[in-house]
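> Handing you a structure now.
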Amino acid sequence: MEHRLIEMIEKALGWSGAAPLGRGFARGSFNAPELCARLLTPQRLLDAAMRRSLAPPQFRCFQNGEELRPNQFLASSVTRRGQSLPMANMDTLSRLMRTGCTLVVDAMDTFDPTMEAACRALQWWSRELVQVNTYLTTADAAGFGLHWDDHDVIVVQLAGEKSWEVRGTSREAPMYRDAVPNSDPSEEVLWSGTLRPGGVMHIPRKYWHTATRNDRSDKGFSLHVTFGFVKRTGVDWMAWLGDKTRTDLLFRQDLDRFGTKEEQGLQHSQLYVAMLRHFERLSIPAYLAAREAEQPPCRYVHTGGLFGPVTDIVCVSPFPPTIEVDANEVTVTSVGKRLRLSLRAEAAARLLLSGYPVSLSSVSELTGIDAEPLAEILMKEGLCAELTDALHSGFTGLVPAASCLSKP
């Protein structure tokens, strides 16, 4: 799936595809800064915080380097029936922003359609799960201290300015749950400077970094987003392989705690031989393919035409569906499902599962088959969703118009 954000990231960092993810620090800038305002503005971020019931850990506020307690920036909105919901206290947030603070909204893609579409495009591009977190810092507020993340990130500065320092590694391939802590920062400074609108950085999980505005005046602001990519490790593969051995009776049997040394040795040998057999069958490529195919569907409303016929849909599977064609049928694999379709449906299925918004009437006209029954199946199984106005807005101006067969 083509997306302007991916195009700009690749140009800025000098990449061709997602293979460099996690392999080294990289920095550049967009040659189309107008893309920044299209992705997100401070006003849109604050509007989202105002209209939703957000609370820590998804919505946090920091001042003077310390995280504020929820009651310092949230208020309870009580309905007439006495139900209480945490809501952002906009008057308090306004005062905090004027004096200097950092607002953090995690997983902005869960309720902003533009960020949702961008994250899905990045997932299809990288073949990894992606989440976007947003950071609005005002005045001369301090940022987070020197730290490292347990996932790779691509930072995009959308508005204002922020000072960054990126350092090298102090432990190779650190993990959130690790054998030893990774608590001693590297002394090697790879880059120190200011990110301005359109600035892009790739910071792999093992690199130390910090960002701040406490070297700025008491006016101004910064808005940046971090797209986090959670890549798989050998530990993840081993855990998956261990789960798969549950189908083998040998691995479900009790370990022989009280047997003789010879009996325990025999069981060990049997398990070892069986383990090697499973290792050969359940390879790393098989694990990565299964992870994509088995990822559960996203949350979407499926009305089934209750409010009128569905005219436009879009594929919302977390990863690109796999489409296989043989002499008898078309097989689509995604979101833990395997769908078998007639050969006549191949062209229509490829259009409906392209990742772009598509009009069912256009698909029918181009392929010569009625696309509505096929679309209904894809929506029912969780591969596609109805193209609401909000969802459509997330694609507008960010994907090639020629690739979309949907309403303008």
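The numbers here are math on the coordinates, done by the rules we state, and not lab data. Just so it is clear, the structure is predicted and the values come from calculations on it, not from any experiment. Don't worry about glycine lacking a Cβ; one is built from the backbone with ideal geometry, like all the others, and counts go over all protein chains shown.
> So what is Rg over Rh here for segment 248-295, counting just Cα atoms and using Kirkwood for Rh?
Result: Rg/Rh = 1.17.
> Quick one: grab Rg to one decimal and Dmax as a whole number for segment 251-325, Cα atoms only, in Å.
23.3, 72
> What whole number of Å gives the distance from the Cα centroid of segment 258-309 to the Cα centroid of segment 329-408?
Cα centres, segment 329-408 to segment 258-309: 30 Å.
> For segment 221-350, what log10 I(q)/I(0) values come out of the Debye formula at q = 0.13 1/Å, with one point per alpha carbon and no solvent?
Treating every Cα as an identical point scatterer, log10 I(q)/I(0) equals -0.83.
> May I pose another question? Among the GluC sites (Glu not before Pro) within segment 190-289, which fall in a DSSP loop and have no more than 10 other Cβ atoms within 10 Å of their own Cβ?
Here no GluC sites (Glu not before Pro) fit, given the DSSP loop and packing criteria.
> Follow-up. Quote the Stokes-Einstein diffusion coefficient, in whole µm² s⁻¹, for segment 21-156, based on the Kirkwood radius over alpha carbon pairs, a temperature of 20 °C and a viscosity of 1.002 mPa s.
Once the numbers are plugged in, D ends up at 128 µm²/s.
> Normalised by the number of residues in the chain, what is the relative contact order in percent for Cα pairs under 8 Å and 6+ residues apart?
This gives 16 percent for the chain.
> Direction-averaged shadow area of the convex hull around the Cα atoms of segment 312-403, nm²?
Its average projected convex-hull area is 5.8 nm².
> At 10 °C and 1.306 mPa s, grab the translational diffusion coefficient of the chain from Stokes-Einstein with a Kirkwood Rh over Cα pairs, rounded to a whole number in µm² per second.
So the translational diffusion coefficient is about 66 µm²/s.
> Bin by bin, in steps of 10 Å, what percent of the Cα pairs in segment 107-234 do you find, going until the bin that has the longest distance?
Spelled out bin by bin, segment 107-234 gives 13, 39, 35, 12, 0 percent.
> Considering only C-alpha atoms, what is the centroid distance from segment 186-202 to segment 75-146, in Å?
23 Å
> Go through segment 64-157 and name the trypsin sites (Lys or Arg not before Pro) that are in a DSSP coil and have 12 or fewer other Cβ atoms within 10 Å of their Cβ.
Arg80, Arg81
> Determine the sum of side-chain charges near Glu128: Lys and Arg each +1, Asp and Glu each -1, restricted to other residues whose C-beta is under 10 angstrom from that of Glu128.
Once all neighbours under 10 Å are counted, the net charge is +2.
> May I ask you to list the chymotrypsin sites (Phe, Trp or Tyr not before Pro) in segment 221-282 that are in a DSSP loop and have at most 12 other Cβ atoms within 10 Å of their Cβ?
In loop regions of segment 221-282 (DSSP not H, G, I, E or B), the sparsely surrounded chymotrypsin sites (Phe, Trp or Tyr not before Pro) are Phe258.
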